[in-house]
Amino acid sequence: MIKHKFYLIISFSLLFQTIITSQNSWQLIGLKKLRIEYVYAKGDTIWTTTEDSLYNHETYYSYNGGEAWSKFELNNSEFGGGYTLKTIDPRNTQKMYITDWYGRPWKTKDAGSSWEYLIPEAEPWPVDAWRPRVKDIYISPHNEDVLFCIITENGQVDNLYRTSNGGKNWVNVSSFAASSHGVELSFAFDLLDTTKIFVSADNNIGYQAFYTSYNLGNSWDLLTELQTFANKIIVNHIDNNIIYRFLKPYRSLDGGFTWKRIMEDLIKEDVPYQPSITSVIINQSEPKILYASLAKIDILNNVLIPMGVYKTQDGGDNWGLMKGSDNIDLITNEFLPILFFDSIQQNLFIGTQHGLFKFNAIVSIKNCKAIPTKLKLNQNYPNPFNPNTIISYQLPVGGFVELKIYDQLGREIKTLVKEEQNSGFYKFNFEVKELSSGVYFYRLNVSESNRNSSFVETRKMLILK
């Protein structure tokens with residue numbers, strides 16, 4: 001069943017507005033004396049992996065937004081004395097992936113009650129100093145059984161492995177050009193194309209190649225070569241031609257063929273202090289908003305000097321320091337902060353060496369009494385989503401309004417609105433249950449009452465289950 005609720009927010013007769021911004025200061029929400037190495041949040045549910053002064057790893061979770069925390073107990077002797085939480089499936093937070101003391105991957109479907117050993121290579125898994133270690137695990141946003149993992153082998157070389165059956169069988173898909181396949185790999189899914197992925201491959205001598213695959217890694221196309229190392233790729237989930245590469249920040253507007261430096265006013269190589277991005281995250285509901293934590297690297301003394309968290313609202317052209325973030329004890333010379341953004345409650349989390357901090361970025365409008373100045377269809381929020389999202393639009397004058405949902409083949413799925421409406425701001429709560437994961441489109445068609453004209457606009461949205 002597809003459920004939807006429709007609300008008229010503002011009528012044309014109202015004359016003024018009051019904007020109320022939620023408290024936007026950094027708040028310590030727990031785990032004060034621990035280093036935070038991993039953060040995942042969805043609404044009031046938060047999971048985090050910590051490390052103490054003796055390098056012992058523990059996982060904690062909260063179901064009330066950080067007001068109370070519980071320790072995640074794992075009583076499995078096969079883990080070899082320790083584990084690290086790697087990733088959580090956003091479609092089902094009971095499904096988690098960890099690596100044990102030996103760097104081997106494990107999966108649970110029931111929040112840790114039982115575990116399944118995932119074997120990216122033939123048994124037995126070596127336990128010597130040069131054993132393979134799973135560095136990262138990535139879950140496909142389109143198919144929960146498709147996973148990729150980066151495995152460091154022989155103590156120095158990264159390889160990319162893929163499974164299409166939830167981890168039962170794996171294949172090495174590292175068929176990159178020999179000159180570029182080397183020490184470090186970074187990886188990203190395309191959130192719009194179900195079979196498209198990206199890899200940045202470094203050979204540790206300054207050569208960096210950027211690849212894409214249109215068949216989940218069976219073959220690769222070299223898009224460009226750069227002389228800078230990348231440890232993270234971010235693909236815009238609304239326009240997949242917009243791609244970011246970090247450490248040194250670059251942005252591509254043509255799908256990865258050409259790149260341009262961003263943040264040049266902040267990232268200047270002023271030896272002995274070289275500013276660098278230590279963590280970066282995109283706002284899933286507003287993809288032009290990104291957050292990045294910065295630090296200066298003192299090469300002579302081998303220490304990091306924190307600079308705070310910076311934010312851009314225009315896709316990377318301009319960045320500003322988030323108030324108060326430069327006062328948080330973010331970094332030591334052994335630890336880098338971790339950023340995570342929860343699009344449901346608009347919370348930005350930063351894991352530091354002294355606990356987990358939260359910054360709420362919601363700006364709410366109450367008693368809003370303004371007349372819209374232009375006709376506009378907004379991007380749905382959150383996006384991607386499951387099971388519901390908000391579609392909003394504004395009408396400067398009244399008219400006949402149609403709001404419809406279409407699939408990728410252009411077939412009409414649902415009519416949400418088909419009626420005369422007054423001018424004002426409108427939002428629509430669209431809930432889906434029987435629709436499968438994938439890209440859909442919503443189209444607004446308005447025939448204005450006092451004009452012999454019509455307005456049509458279409459936007460993409462992504463359902464993840």
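Each value in this text was obtained by applying a stated rule to the coordinates, not by laboratory testing. Here the structure is a predicted model, which means the values were calculated and not measured. As a convention, Cβ positions derive from the backbone with ideal geometry for all residues, glycine included, and neighbour counts pool all protein chains shown.
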Expected unfolding gain across SER454-ASN92 under the 0.36 nm per residue rule, minus the alpha-carbon gap, is 126.1 nm
Once LYS42 and ASP110 are pulled to full extension, the length gained, defined as 0.36 nm per residue separation minus their Cα-Cα distance, is 22.8 nm
Here the FRET efficiency for ASN388 versus ALA68, based on Cβ atoms and R0 = 35 Å and rounded to 0.05, is 0.85
For the table LYS42/LYS465; LYS135/LYS288; LYS311/LYS358; LYS109/LYS465; LYS33/LYS358; LYS376/LYS414, the rows whose alpha-carbon distance is greater than 19 Å are LYS135/LYS288; LYS376/LYS414
Once amide hydrogens are built 1.01 Å from N within the peptide plane, the residues lying 5 or more places from GLY355 or on another chain with amide H under 5 Å from its amide H are LEU34, ILE36
Expressed in nanometres to one decimal, the distance between label points 7 Å along Cα→Cβ at ASP265 and GLU419 is 4.8 nm
